[in-house]
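Asks: Structure incoming, see below.
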Amino acid sequence: MTKIELKNIDRSFLGKKVLEDISFTVESGDFVSILGPANAGKSTLLRIIAGTLKPEKGKVYFDDRDVTDVPAQKRNVGVIFQTFALYPNMSVYGNIASPLRAKGLPGNEVDKKVKEISSILRIEDLMDKSPYELSGGQAQRVATARALVKDAAAYLLDEPLTNIDYKLRESMKIELKRILEIKRSTIIYATPSPEETSVLTNKMIFLHGGKVVQTGPVKECFDAPANITAGLHYSTPPMNLMDARVIRKDGKSALNIEGRLELDTTHLDFLLEEDEYKVGIYPYSLFLSPERKGMLSIPMKLELQELAGSEMTVRLRWNETSLTMYVPYERFLEEKVTVFIDPSDFYIFSKKTEGLITRYRRGR
């Protein structure tokens with residue numbers, strides 16, 4: 001296991017900044033996700049850690065040793081790419097064995113390790129096949145086996161589930177979590193999916209526009225998104241956003257949301273520093289029945305309901321505002337819907353800076 005530290009990393013392509021002043025530490029044995037949308041810089045960042053790409057500025061450290069100029073083959077890092085990248089002229093066995101043979105291990109040890117990892121990934125019957133004979137899911141397993149067969153200092157996974165179908169992706173999540181827990185190594189997992197982040201990893205780095213927006217334990221980040229961009233990306237469907245204004249009257253203040261709902265903010269006097277805000281709420285924080293005491297009941301109009309397996313995405317109209325709700329499927333809804341919301345699930349963001357100000361809390 002290896003501690004990985006990046007300090008002030010910059011990288012550009014064709015004059016365009018791809019990574020800017022990236023700094024973070026992944027402790028030895030951590031399982032960390034790099035969460036970010038397409039073109040956030042995730043793959044570039046993994047290549048720099050792996051040693052296949054050099055930063056223009058900044059340093060990479062493994063266990064406090066500067067490895068910025070150390071070539072990839074000397075970093076002892078296992079990498080799984082989303083494109084699988086299997087050697088077409090080798091059998092499945094040859095692909096998995098290739099990193100072990102490159103290290104000069106004796107044949108009997110190579111054979112033992114290949115059989116062990118192929119058994120874990122349930123691909124023993126594919127050993128004699130060529131890559132072109134494999135399905136997408138099989139190729140993904142073989143690429144995973146090739147990366148995990150060696151005892152690497154760290155493992156880097158670059159969106160390994162992106163190119164496989166939904167059903168296989170769900171089963172592979174379970175398999176990957178099991179396998180990576182067995183390896184008990186330092187693991188960095190790049191993904192655009194907040195669901196994969198929450199299911200597979202314990203800590204996260206949110207990357208957007210080539211910059212680190214937020215780092216920390218997954219639950220803490222999801223419970224307190226650093227800004228609107230983070231809040232929108234931490235949920236599928238994205239966080240609902242509404243306009244809000246602070247109203248002052250008779251020595252008291254209230255936050256008026258979309259001209260339809262007022263929350264007492266007299267006890268949150270720091271909100272008086274700005275007049276306008278954005279209020280966010282996650283789609284899974286809207287309910288069809290009161291889940292706990294103190295919830296608000298709000299009448300809304302149904303716009304669309306979309307069923308996906310056992311869950312349903314519901315789009316609602318509240319005055320001039322469109323909101324999305326994500327609920328377990330129980331029944332199709334009528335045109336008029338009463339939605340229940342706990343005010344403490346509202347996030348208040350600055351309209352000027354888009355940074356999180358606070359999560360709403362009731363006064364005493």
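Asks: Provide the per residue accessible area, probe 1.4 Å, for the chain, rounded to a whole number of square angstrom.
Replies: 50 Å²
Asks: When DSSP assigns beta bridges and you keep just the ones with both residues in the stretch 114-233, what percent turn out antiparallel, to the nearest 5?
Replies: 55 percent
Asks: Next question, about the same structure. When only Cα pairs under 8 Å and 6 or more residues apart are kept, what is the percent relative contact order across the chain?
Replies: So the answer I get is 15 percent.
Asks: Using alpha carbons only, how many degrees (0 to 90, rounded to 10) separate the axis of helix 107-120 from the longest principal axis of the chain?
Replies: 30 degrees
Asks: In a GNM of the chain with a 10 Å cut-off on Cα contacts, which of 63, 250, 264 has the highest mean-square fluctuation?
Replies: Checking each option, the largest mean-square fluctuation is seen for 250.
Asks: OK, next. Using the per-residue mean of other Cβ atoms lying within 10 Å as a proxy for protection, in what order, highest first, do the peptides 347-358, 286-297 fall?
Replies: 347-358, 286-297
Asks: Between 13, 346, 24, find the one with the highest GNM mean-square fluctuation for the chain; connect C-alpha pairs within less than 10 Å.
Replies: With Cα springs under 10 Å in the chain, the top fluctuation among 13, 346, 24 is at 13.
Asks: Let me ask you something else. Could you tally the net charge around residue 110, taking each other residue with its Cβ under 15 Å from the Cβ of residue 110, Lys/Arg +1 and Asp/Glu -1?
Replies: My count for the surroundings of residue 110 gives +3.
Asks: So, in nm, how far is label residue 252 from label residue 311 when the simple model puts each one 7 Å beyond its Cα toward the Cβ?
Replies: Roughly 3.9 nm, to one decimal.
Asks: Please give, to one decimal in nm, the separation of the simple spin-label points placed at residue 66 and residue 122, each 7 Å out from Cα toward the Cβ.
Replies: 4.8 nm
Asks: Between residue 345 and residue 219, what length comes free when the chain is fully extended (0.36 nm per residue of separation minus the Cα-Cα distance, one decimal in nm)?
Replies: Gain in length upon complete extension: 43.9 nm.
Asks: Which one of 175, 159, 311 has the biggest mean-square fluctuation once the chain is modelled by GNM with Cα springs under 10 Å?
Replies: 311
Asks: What does the net charge come to around residue 225 if you take all other residues with beta carbon closer than 13 Å to its beta carbon, with K and R at +1 and D and E at -1?
Replies: -1
Asks: If the cut-off is 22 Å between C-alpha atoms, which lysines fall inside it for residue 112, apart from same-chain ones fewer than 8 positions away?
Replies: The qualifying lysines are 103, 129, 150, 183.
Asks: Would you mind checking the tilt of helix 166-183 against the longest principal axis of the Cα atoms of the chain, expressed as 0 to 90 degrees and rounded to 10?
Replies: Between helix and principal axis, roughly 60 degrees.
Asks: Further question on the same structure: Where the accessible area of the chain is counted over protein heavy atoms with a 1.4 Å probe, how much of it, in %, is carbon and sulfur?
Replies: That fraction is 48 percent.
Asks: What is the stretch 294-364's relative contact order, in percent, from Cα pairs under 8 angstrom and six or more apart in sequence?
Replies: Rounded, it is 29 percent for the stretch 294-364.
Asks: Rounded to the nearest 0.05, what FRET efficiency is calculated for residue 292 and residue 359 with R0 set to 22 Å and r the Cβ-Cβ distance?
Replies: Approximately 0.90, to the nearest 0.05.
Asks: Run the paramagnetic zone check for residue 333: 7 angstrom along Cα to Cβ, then residues of the stretch 244-270 with backbone nitrogen under 19 Å.
Replies: Output list for this probe position: 258, 260-261.
Asks: Also, I was wondering about something else. Taking K and R as +1 and D and E as -1, what net charge do the other residues with C-beta under 13 Å from the C-beta of residue 96 add up to?
Replies: Within the 13 Å Cβ shell, the charges total +4.
Asks: Turning to a different aspect of this structure: Treating the beta-carbon of each Lys and Arg as +1 and of each Asp and Glu as -1, no other charges, what is the dipole magnitude of the chain about its Cα centre, to the nearest 20 debye?
Replies: 680 debye
Asks: Mind giving me the nanometre distance, one decimal, between the label points for residue 304 and residue 10, set 7 Å out from Cα along Cα→Cβ?
Replies: The modelled label-to-label distance comes out at 4.3 nm.
Asks: Can you give me the C-alpha center-to-center distance between the stretch 1-59 and the stretch 121-200, rounded to a whole angstrom?
Replies: Here the answer is 21 Å between Cα centres.
The values are calculated or read from the model by the stated rules, or taken from the named source; none is laboratory data. Remember, predicted model here, so these are calculated numbers, not experimental data. Neighbour counts are summed over all protein chains in view; Cβ atoms, including those assigned to glycine, are modelled from backbone coordinates with ideal geometry. We work out accessible area using only protein heavy atoms, side chains counted, and drop any ligands, DNA or RNA first. Shrake-Rupley method; radii C 1.70, N 1.55, O 1.52, S 1.80 Å.
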